[in-house]
Amino acid sequence: MFLQDQLQIAGLEGIWEKIGPNLKHSIKLKPKVCSIKNSLSIIGGTPVATNGFKWPLNSKKEHLSFIAQINVEDIKPSDRQGVLPSQGILYFFYDAFYQPSGYENEHRYSWKVIYDEAKPSKMVKIHCPQDLETRNNEVTSVFEKLIFHEFEIDFHSEYTMPPYESKFVKSLQLDFDNLWKYEQFYFDKVNQKPHYRMLGFPDRKMVNISMPHICRRAANGMDHYPLGYSGYSLPEPIDKNEEWILLLQIDSDLEVGMAWGGEEMGRIYFWIRKQDLLQKNFDRCWVILEV
């Protein structure tokens, strides 16, 4: 069912003309129906990469958990914005043991996005580092796993909606009844689990804090503080290249073994500045954990 039809059923048909042009195109990730051995687009498991691939470490010299890899050729037909590379592999890692929030500048060593521009040929399955296997075997709870079950993924185009507390929705000046309907409609959609996506608006439980704003502050050396903090802040960006883009959203999924925030079952979001994405500078990604 199209989003316009869903809004009509929810009693929000009157806002479509305003909200329709402000949707963001997204690429939704779903489990592949027909499995292919050594697929190059996977969530969980271990990477498929060229010989000499170096598994990244955190600041304590411990190996990060492997989250996903994306063969960008698989998603090129769905990248309507044309911001992703045209070939190569993206590898995503995160510190699943400490699970940093991304609210502090020192968290920058707790994740890694690696881009291999080479064409995907002569790649092999990479063995999991011994220290990561040892630490994973020591955990007793399904909410503490550091190595995850693997599944191959397909990609589907999807439009995403602005959060109900966003500046755009506030600019619509909806009356209380329509605002309440929009809030319920928004959370009914984003609370469906699991949600994996690239680009577009993120699916969020909490929308009263701007994740791009947190990324900008933390990446510039200014830790984020709770609401009401009266300290210094960064001005809103003028250059659109400073815009932060959702590179990858990974949901909690116990079938895979992922539980972000433990029993809170949150999500992690990999963000990148538009200019860094266009320049393939993936070392400057930022991650936010939201529970």
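The values are calculated or read from the model by the stated rules, or taken from the named source; none is laboratory data. Quantities reported herein were computed from a predicted structural model and do not represent experimental measurements. As a convention, Cβ positions derive from the backbone with ideal geometry for all residues, glycine included, and neighbour counts pool all protein chains shown. These area figures cover heavy atoms from the full protein model, side chains too; ligands, DNA and RNA do not enter into them. Shrake-Rupley method; radii C 1.70, N 1.55, O 1.52, S 1.80 Å.
Scan region 62-106 for residues that are more than 14 Å from the chain's Cα centre (by Cα), within 21 Å of His195 (Cβ to Cβ) and of a type in the set (Gly, Ala, Ser) and jot them down.
Listed by number, the residues that qualify are Ser65, Ser78, Ala96.
Regarding region 69-89, can at least one residue be identified that is modelled with pLDDT of 95 or more and of a type in the set (Ser, Thr, Tyr)?
Taking every residue of region 69-89 in turn, none turns out to be modelled with pLDDT of 95 or more and of a type in the set (Ser, Thr, Tyr).
Answer yes or no: is there a residue in region 9-23 that is modelled with pLDDT of 85 or more, crowded, with 17+ Cβ neighbours inside 10 Å and touching a Gly at 6+ places or on another chain (Cβ under 8 Å).
The answer is no; no qualifying residue exists.
For region 246-260, give me each residue that is open to solvent by 10 Å² or more (accessible area, probe 1.4 Å) and either more than 17 Å from Asn191 (Cβ to Cβ) or more than 15 Å from the chain's Cα centre (by Cα) (or both).
Matches in region 246-260: Leu254, Glu255.
Among the residues of region 163-193, which ones are part of a loop (DSSP other than H, G, I, E, B) and either at pLDDT 90 or above or more than 17 Å from the chain's Cα centre (by Cα) (or both)?
Hits for region 163-193 are Tyr164, Glu165, Ser166, Leu172, Gln173, Leu174, Asp175.
Identify, from the list Phe187, Phe176, Phe143, Phe155, the residue that is over 22 Å from Cys215 (Cα atoms) and crowded, with 18+ Cβ neighbours inside 10 Å.
From the options Phe187, Phe176, Phe143, Phe155, the qualifying one is Phe155.
Name the pairs whose Cβ atoms lie under 6 Å apart, with the first residue in region 155-179 and at negative phi and of a type in the set (A, V, I, L, M), the second open to solvent by less than 70 Å² (accessible area, probe 1.4 Å) and part of a loop (DSSP other than H, G, I, E, B), and 6 or more positions between them or separate chains?
As it stands, the answer is Val169/Pro162, since those pairs meet every condition given.
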